[in-house]
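Read through the structure below, which is laid out as structure tokens, and then see the notes.
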Amino acid sequence: MDTGRKSVPKILTYVLLSFWALTTIYPFIWVILNSFRRKGLIISDSFSLPLGDAFTWDNYLTAWERSDFKNAYLNSFLISGTVTVAVVILAGLAAYGLVRYRFPGRGLLYSLIMAGMMFPVFSTIIPVFRMEAVMGLAGTGNRWLSLLAVILPQIAGNLCFAIIILMGFIQSVPIELEESAYLDGCNVFQIYFHIIIPAAKSSFATVAIFAFLWSYNDLFTQSFFLRYPQERAITGLLNEISSQAGVNYGLMAASVVLVVIPVLIVYVCLQKHIIKGLTAGAVKG
């Protein structure tokens, strides 16, 4: 009897989660279906499967030929890859130092890191842009300087979250492992790279994935610093296509799919690391 009573809330939970999953996944499925549908049929019949004469590859061919997706992909991967590597390195070292060392101002530094998560990017974008313009990075028309102008604020914007996640996991790593390594003659960097990183690899993977995705999807910062066609990243290209395509919904749907594909691949392949890393990062020893 008790088992039956316990199973009712469990079934209800599964039903609610399934409904939530459908409402989340269905819009993307709808976009994929209509990206293969002929232009004139999307408004009149946008919910059926694009079979027979309704099916076409023209939307993808038009999107690829009209827009410079190759250059936009290259810029996005350069930005997001650099941001990801820099955030993982800097956040890992900062988190390890804050967890394992006691120094004057440590509490204040931790408070500033926590406070840094409360300020949205649009509240600081104007002074950041002016500062980078004075440094000769922003608004120069040079592709590589403009990409660097985007990379620096994105690194700063991701560091606070990354440090907090990594601190939570490093605290759960037994300090006895490090003490044994010290007795064996290892220095700080050897301990960090040979003990901390292998033990916290799930959390490092989580930080890397989120840093990449946030950087890849960041239209706001890119719209400020990337103003020329050769500098445009993938989200800026999608914004341009949506403003020019008008009522060509098939072209816009195909463009959305082309933009989302890298994100979807990253998430599907690494979702276990995301869940495991966030769960581990929430545990404190």
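Using the basic label-point model (7 angstrom from Cα toward the beta carbon), what is the Phe220 to Leu12 distance in nanometres?
3.8 nm
Once R0 is set to 51 Å, what does the formula 1/(1 + (r/R0)^6) return for the Cβ-Cβ distance between Ser111 and Arg66, expressed as a FRET efficiency to the nearest 0.05?
With R0 = 51 Å, the Cβ-Cβ based efficiency is 0.55.
At 7 Å along Cα-to-Cβ for each site, give me the label-to-label distance between Thr140 and Ser242 in nm.
It is 3.1 nm.
Of the options Asn217, Gly116, Cys269, report the single residue whose Cα projects farthest towards the positive end of the charge dipole of the chain (beta-carbon charges: Lys, Arg +1; Asp, Glu -1).
Positive-most Cα among the choices belongs to Gly116.
How far, in nm, would the chain grow between Phe122 and Leu93 when pulled straight, counting 0.36 nm per residue and subtracting the alpha carbon separation?
7.7 nm
Per residue of the chain, what 222 nm ellipticity follows from adding -39500 (n - 2.57) for every DSSP H run with n ≥ 4, rounded to the nearest 500?
One gets -24000 deg cm²/dmol as the mean residue ellipticity at 222 nm.
With each pseudo-label sitting 7 Å past Cα toward Cβ, what's the Ser44-Trp20 distance in nm, one decimal?
4.0 nm
With springs only between Cα atoms under 10 Å apart, run a GNM on the chain and tell me which of Leu16, Leu152, Leu109 wobbles the most.
Leu16
Every read-out reported here was derived from the displayed coordinates using simple, explicitly stated rules and does not represent laboratory data. Predicted model only: the values in this text are computed from it and were never measured. Because the Cβ atoms are built from the backbone with ideal geometry, glycine has one as well, and the counts that use them run over all protein chains shown.
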